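This report concerns only the one structure given below.
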Amino acid sequence: MISVLSRISKTSKLPIQQQSLVALSIRLSSNEASFQTKPYKLHRLESGPSTNISVTRNDALDYYRKMVIIRRMETAAGNLYKERLVRGFCHLYAGQEAIAVGLCASKDNEDAIITSYRCHAWTYLTGSGISQILSELTGRRTGNVYGKGGSMHMYNKNFFGGNGIVGAQQALGAGLAFAHKYNKKKNVSYTLFGDGAANQGQLYEVINMCALWDLPCIFICENNGYGMGTPADRASAVTDYYTRGDYIPGVWADGMDVLAVRETIRWSREYCNAGKGPLMLEFATYRYSGHSMSDPGTSYRTRDEVQQMRKTSDPITGFRDKIIAAGLASEEELKGIDKEAKKEVDAAVNIARTEPPLPPESLYCDIYHNTPPQYVRGVTLDETFVDICHYQKFSMLWHRSFTVQLVRRVSEASFQTQPFKLHRLNSGPPTNVTVSKSDALKMYKQMQVIRKMEQASDLLYKDRKIRGFCHLYAGQEACAVGLYAAKDPDDSIITSYRCHGFTYLVRNSVKEILSELLGRSHGNVNGKGGSMHMYGKNYYGGNGIVGAQQPLGAGIAFAMKYNRKRNVSFTLYGDGAANQGQLFEAANICALWHLPCVFICENNGYGMGTPTSRSSASTNYYTRGDYVPGIWVDAMDVLAVRESIKFARKYCTAGDNCPLFIEFATYRFYGHSVSDPGTSYRTREEVQNIRKTCDPISLLKNRIIASNLATKNELKAIDNDAKNEVDEAVKFATDDPVISTDALVTDIYHNTPPIIVRGHTMDDIKVQPHTRTSEIIKKF
């Protein structure tokens, strides 16, 4: 038997005597070899897995073949996505293959596996064919779950998915472990999650429960270095995830070494089946693709880093070199496996392309044994089915011009808006809207400043001066400007993460906003909040969690009524958050207590990358309050928005009428965030068509000029002023000093108490400056 160190592919570097010994040993034991793994790191354990691991020739070839197939399958999935045959989310596993293959090599058939949305490899290894997986991605009836689950929702016997919500599987994995113990089975629940989900609160709740009841649950953190686009050291004070279970034991293993993974799982099964309770494993690995296919993966790491990882730590290449050096296989044999894998994946791709898609009537199958009629709020799905996309409806709005000048005066003009749609209301806002010259020019400048500020933010993000999320408001300016023009100074506003426009209107300068985006000391909240967390008087942000502002807005409305104020809480959210359960809970409370809350859905047509018609049975969001009245507004028209807000204020402050739902029909010109190009789920032609026909700034500009409220030269001067204001702000923000690390713990309490984390002060565990990516590479 021969011992071969990892990543030694040639014996020629050894002395001649050792070369002979190696060659002799390989010839004598060509069906088995042993290898040395990297040392394991242990937490609350006196001993761990063995670092000297043996593998047979058959097993080695099986592991190699499976890893190669997974790599090629993920490459094919990426290509199908780029061809727009895969819709929705798609998270690839390339680079992490050794974890799935190594785990499945040691597990028992009755053990349970549950993982995150990055689940294609697990689906393959637990019994599905490649064609079933790729067909599922392309929505074909031959898919793993008949084309209904997509990338994130695939299942097999004792494989419980595939879970789309970050960290949701953690509690479910504990439940599976409970079932094993309850049924007196000697099996284990493997509960996998990424480093991004390692900070989820439910992880610690279920760790406590598993430790309390000695449940056979192995929590496995697949630490690929980045939670979406955030390096682990920027998201976690402690990045040794194998210690994060605190009072439960943990093991760190090299997740790029399939044999190290296999040995770790074998040892862990024995540990848990001995009744010792749960374990926390960390597999150090790396993903070659972005977080998902919509993420190029280059804004938070360099291409050189990825290539360096491929060159030095690739799990397939490393294992290939080992088994060739050990004489377990020849290079020609492995090339043959490569060719067979390519042939098998290519055949599966052909099936995924050509099989018929799932017919619409099949969507209601496999839910109940006897499927009841599909009713949503008293109507069938057929009555609410949407068969045209958002932008087509939108283009029809401007089939003819609504810039009808009714009064021609220098200081004032009137215009006709699109008709408002009403729900449970006998009358709504007037469609004949009057505006003064000063108000028109003020709103025009505000929209121009917001547009140019968002364009500047986009460039700063691409220059990597803005880190983290950044959601731009370009295209939706009329929503914020029109609302702000009609609200009372003591009314409140609370919105989503797409908040730059509102932040500017509540008396924050462009300098403060851009400095905040860059993490500078003169930012809106001193550089601590970033893009999604900015505030002002009676302005409650900027909220990073989808839909979190909905119950908060209701709470603000409660405070207004409790304090007997005649004010309104404007609570804004996107169409993606319109399906959140808390919205309906908050609407119920507001209706029950007659709270002055105006729920406003800024319907820009896409919840992240999903068109509204694919995410909602009813896309009439102004009716979604059901028993709460609602209004639909053309929100590309700032005057229509302003008029609807005037009406809403009057309605909600008139005794017991409130609350109210408003739908602003709008459009975003950029992707969901700056890391999303926005082209995988809509065409560039669609965006350009909306810019050409429905741009809110162009619409107001044309109205102003046509009504003689201002000349082209006056508006051009405003454009130049807006540009200069933003250019100065960019320079200011770029030169503004970065917030110091000491300042991160200020402005929290009036008298800041000592910051204690697990018995240590912040000085004891002082956060070091941002770790460069080269240090991540050193792990391997």
Filtered residues of segment 120-146 (kept if charged (D, E, K, R) and surrounded by fewer than 21 Cβ atoms within 10 Å (Cβ to Cβ)): 141
Residues satisfying the stated conditions in segment 623-637, i.e. in a loop (DSSP other than H, G, I, E, B) and either among the hydrophobic types (A, V, I, L, M, F, W, C) or out of contact with any Leu (no Cβ under 6 Å at 6 or more places or on another chain) (or both): 624, 625, 626, 627, 628, 635, 636, 637
Condition check for residue 317: in a helix (DSSP H, G or I) and buried (at least 23 other Cβ atoms within 10 Å of the Cβ): no
Conditions (1) at pLDDT below 90; (2) β-branched (Val, Ile, Thr); (3) under 34 Å from the mean Cα position of the chain (by Cα): number failed by residue 449: (1)
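For segment 111-119, check the following and say yes or no: at least one residue is at positive phi and either crowded, with 24+ Cβ neighbours inside 10 Å or more than 21 Å from the chain's Cα centre (by Cα) (or both).
Here is the first cut: in segment 111-119, the ones at positive phi are none.
The answer is no; no qualifying residue exists.
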Flag if residue 692 is among the basic types (Lys, Arg), closer than 30 Å to residue 566 by Cβ and either at pLDDT 95 or above or in a helix (DSSP H, G or I) (or both): no
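Among the candidates 102, 48, single out the residue that is over 30 Å from residue 135 (Cα atoms) and either outside the structural domain of residue 137 (by TED's automatic domain parsing) or of a type outside the set (S, T, N, Q) (or both). Reasoning before the result, please.
Numbers: 102 fails: over 30 Å from residue 135 (Cα atoms).
From the options 102, 48, the qualifying one is 48.
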Residues being free of Cβ contacts under 8 Å to residues at least 60 places away in the same chain, farther than 18 Å from residue 579 by Cα and touching a strand residue (DSSP E or B) at 6+ places or on another chain (Cβ under 9 Å) - total across segment 605-657: 1
Residue match in segment 644-663 (condition: at pLDDT below 90 and either part of a helix (DSSP H, G or I) or buried (at least 20 other Cβ atoms within 10 Å of the Cβ) (or both)): yes
Residue list for segment 449-493, filter: within 18 Å of residue 646 (Cα to Cα), touching a Leu at 6+ places or on another chain (Cβ under 9 Å) and outside any helix (DSSP H, G or I): 493
From the options 405, 392, residue that is over 30 Å from residue 627 (Cβ atoms), touching a strand residue (DSSP E or B) at 6+ places or on another chain (Cβ under 8 Å) and modelled with pLDDT under 95: 405
Residue in segment 328-335 that is at pLDDT 95 or above, more than 30 Å from residue 215 (Cα to Cα) and surrounded by 23 or more Cβ atoms within 10 Å (Cβ to Cβ) present: yes
Residue within segment 501-508 that is over 16 Å from residue 672 (Cα atoms), in contact with a Cys (Cβ under 9 Å, 6 or more places away or on another chain) and surrounded by fewer than 24 Cβ atoms within 10 Å (Cβ to Cβ) present: no
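Can you tell me which residue in segment 242-298 is farthest from the chain's Cα centre (by Cα), limited to those that are part of a loop (DSSP other than H, G, I, E, B) and among the hydrophobic types (A, V, I, L, M, F, W, C)?
First, the residues of segment 242-298 that are part of a loop (DSSP other than H, G, I, E, B): 244-249, 255-257, 277-278, 285-298.
Of the ones still in play, those that are also among the hydrophobic types (A, V, I, L, M, F, W, C) are 248, 256, 293.
Working: 248: 30, 256: 25, 293: 11 Å.
Among those residues, the one meeting the criterion is 248.
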Single match in 9, 54, 34, 47 (criterion: among the small types (Gly, Ala, Ser), assigned to a loop (DSSP other than H, G, I, E, B) and at pLDDT 50 or above): 47
Checklist (1) under 30 Å from the mean Cα position of the chain (by Cα); (2) without any contact (Cβ under 8 Å) to a residue 24 or more places away in the chain applied to residue 720, failing item: (1)
Count - residues of segment 527-537 that are out of contact with any Asp or Glu (no Cβ under 7 Å at 6 or more places or on another chain) and either surrounded by fewer than 19 Cβ atoms within 10 Å (Cβ to Cβ) or part of a loop (DSSP other than H, G, I, E, B) (or both): 5
Some residue of segment 189-204 being farther than 23 Å from residue 351 by Cα, touching a Pro at 6+ places or on another chain (Cβ under 8 Å) and at pLDDT below 95: no
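For segment 538-556, state whether one or more residues are part of a helix (DSSP H, G or I) and over 24 Å from residue 646 (Cα atoms).
To start, the set of residues in segment 538-556 that are part of a helix (DSSP H, G or I) comprises 549-556.
Subsequent filtering for residues that are over 24 Å from residue 646 (Cα atoms) retains none.
Within segment 538-556, not a single residue is part of a helix (DSSP H, G or I) and over 24 Å from residue 646 (Cα atoms).
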Residue match in segment 165-185 (condition: among the charged types (D, E, K, R) and over 17 Å from residue 219 (Cβ atoms)): yes
Residues that are modelled with pLDDT of 90 or more and either outside the structural domain of residue 86 (by TED's automatic domain parsing) or not in a helix (DSSP H, G or I) (or both), drawn from segment 299-314: 300, 301, 302, 314
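Residues 418, 446: which one is of a type outside the set (D, E, K, R), in a loop (DSSP other than H, G, I, E, B) and touching a residue at least 40 places away in the same chain (Cβ under 8 Å)?
Details: 446 fails: in a loop (DSSP other than H, G, I, E, B).
Every option except 418 fails the conditions.
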Test set (1) outside any helix (DSSP H, G or I); (2) modelled with pLDDT of 90 or more; (3) in contact with a Pro (Cβ under 7 Å, 6 or more places away or on another chain) - residue 602 fails condition number: (3)
Residues satisfying the stated conditions in segment 163-197, i.e. surrounded by 24 or more Cβ atoms within 10 Å (Cβ to Cβ), small (Gly, Ala, Ser) and in contact with a Gly (Cβ under 7 Å, 6 or more places away or on another chain): 189, 194
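The values are calculated or read from the model by the stated rules, or taken from the named source; none is laboratory data. These figures come from a predicted structure and were not determined experimentally. Here the Cβ is made from the backbone with ideal geometry for all residues, glycine too, and neighbour counts use every protein chain on show.
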